[in-house]
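Structure record follows, encoded as structure tokens.
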Amino acid sequence: MRVAIIAITANGAKLGATLKRGLPQGTLFVLAKHAVPDAVPFSDRVPALLARLWPDFDGLVCIMATGIVVRSIAPLLQGKEQDPAVVVMDDAGHFSISLLSGHLGGANALAAQCADLAGATAVITTATDVNDLPSFDMLAQDNGWRIEDLSRVKVLNALLLEGKEITVVDPTGKVAEYCREKGNLRFAEDWGQAAQSGAKGVVLVTNKLVPAGIDRERTLVLRPVDLCLGIGCNRGTTADEIESVVARHLAQLSLSEGSIKCLASAEAKADEEGLLAYAREKGIPLMFFGSNVLNGVDVPSPPSEHAFAAIGARGVAEPAALLAAAGGKLLLHKVKDGNVTLAIAEAGE
């Protein structure tokens, strides 16, 4: 986590230096007249400084009064999925307060870390934490899952706090492991059981599209990011065509775009503008493999004479998907659809 530590007093500068030594990615900013070694001096007003640092850091530790920080960051707030963690400490080092983005932004953990470094008391106010209950946003973060609708987190966490029954469908088993029998949770085998359970809320852990019959207002969908798409394409294939092919075959398999982990192809496609543009527009990582590496993967489909003649690989889509999935399984054997060849693999644990 890239952390900006900001101090405006002499005592704060000393405390900031202590924190910086314990935060490997920490950068200390100190008001110029109190500058200390290894600190970046500043002369801006605090609101201007925080506005400048806001987009560049994952966390801000502000050694100053809480009121100054609240007034300074108010115009910068966008949402819990976007805002950095904000921790406030008094310059005597008594308290370390998680002020903003406690869960998703990591402020609770950062406040605890700063408290340990300074010998301070961590102040955490998120309801699930103070009641020693799990929280579904932290569950998702810990497992690298995407939250399909962040507003549902508030609903389901509230049900946890109220002790209401929640039905969970989780083929990974990670919800039960994380919750450790805390909360009024009932586990179901499938969506049908969940829909008929009568529970006040439902948590679905799935890379599949949510079927009809599930009440979306009381359902939190957590998406494992585990779909690796192997893609081959003719030279000059457009991003729109690639997007259309991917969307069509995901829909046929009832798989969610929200669970795409990466796109994978041959090194010869590393300059394929349509593929690069599609990945860029969707914000999906790209992986490329050399022909020798692709040829070392056993795949179910027969070799492609076209691919071998063009780039020396007996296949692209299937071996690339399997390599990206690192021991996973094919969900879609390669299909040729227009100018695109597509295979889909589900990543292993």
### Query
How about the stretch 1-98: which helices (runs of 4 or more DSSP H) wholly inside it have at least 2 residues that are open to solvent by 20 Å² or more (accessible area, probe 1.4 Å), free of Cβ contacts under 8 Å to residues at least 40 places away in the same chain and among the small types (Gly, Ala, Ser)?
10-22, 46-53
### Summary
Of (1) at pLDDT 95 or above; (2) in a loop (DSSP other than H, G, I, E, B), residue 300 satisfies every one except (1)
### Selection status of residue 214, closer than 19 Å to residue 264 by Cβ and either over 20 Å from the mean Cα position of the chain (by Cα) or open to solvent by 60 Å² or more (accessible area, probe 1.4 Å) (or both)
no
#### Entry: Count - residues of the stretch 104-114 that are open to solvent by less than 20 Å² (accessible area, probe 1.4 Å) and in contact with a Lys or Arg (Cβ under 8 Å, 6 or more places away or on another chain)
1
### Query
With 206, 219 as the choices, which residue is open to solvent by less than 10 Å² (accessible area, probe 1.4 Å) and farther than 16 Å from residue 343 by Cβ?
219
### Task
Would you mention how many residues in the stretch 133-159 are open to solvent by 10 Å² or more (accessible area, probe 1.4 Å), among the hydrophobic types (A, V, I, L, M, F, W, C) and within 18 Å of residue 186 (Cβ to Cβ)?
4
## Note on the structure
Residues of the stretch 262-283 being open to solvent by less than 20 Å² (accessible area, probe 1.4 Å) and in contact with a strand residue (DSSP E or B) (Cβ under 9 Å, 6 or more places away or on another chain), in sequence order, are 262, 263, 264, 265, 266, 272, 274, 275, 278, 279
### Of all residues making up the stretch 222-244, the number that are of a type in the set (Val, Ile, Thr) and buried (at least 23 other Cβ atoms within 10 Å of the Cβ)
2
### Query
Quick check: anything in the stretch 234-245 in contact with a Phe, Trp or Tyr (Cβ under 7 Å, 6 or more places away or on another chain) and closer than 25 Å to residue 329 by Cβ?
yes
### Query
In the stretch 160-196, what residues are among the hydrophobic types (A, V, I, L, M, F, W, C), open to solvent by 40 Å² or more (accessible area, probe 1.4 Å) and closer than 21 Å to residue 127 by Cα?
161, 176
### Message
Suppose we filter 113, 82, 78 for residues that are of a type outside the set (Lys, Arg), farther than 22 Å from residue 186 by Cβ and modelled with pLDDT of 95 or more; which single one remains?
### Response
113
### Task
Identify, from the list 307, 321, 345, 317, the residue that is open to solvent by less than 20 Å² (accessible area, probe 1.4 Å), touching a residue at least 40 places away in the same chain (Cβ under 8 Å) and more than 25 Å from residue 254 (Cα to Cα).
307
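The values are calculated or read from the model by the stated rules, or taken from the named source; none is laboratory data. Predicted, not measured: the structure shown is a model, and the values here were computed from it. Note that each Cβ is placed from the backbone with ideal geometry, even for glycine, and that neighbours are counted across all protein chains shown. Note: areas computed on protein heavy atoms with side chains; ligands, DNA, RNA excluded. Shrake-Rupley method; radii C 1.70, N 1.55, O 1.52, S 1.80 Å.
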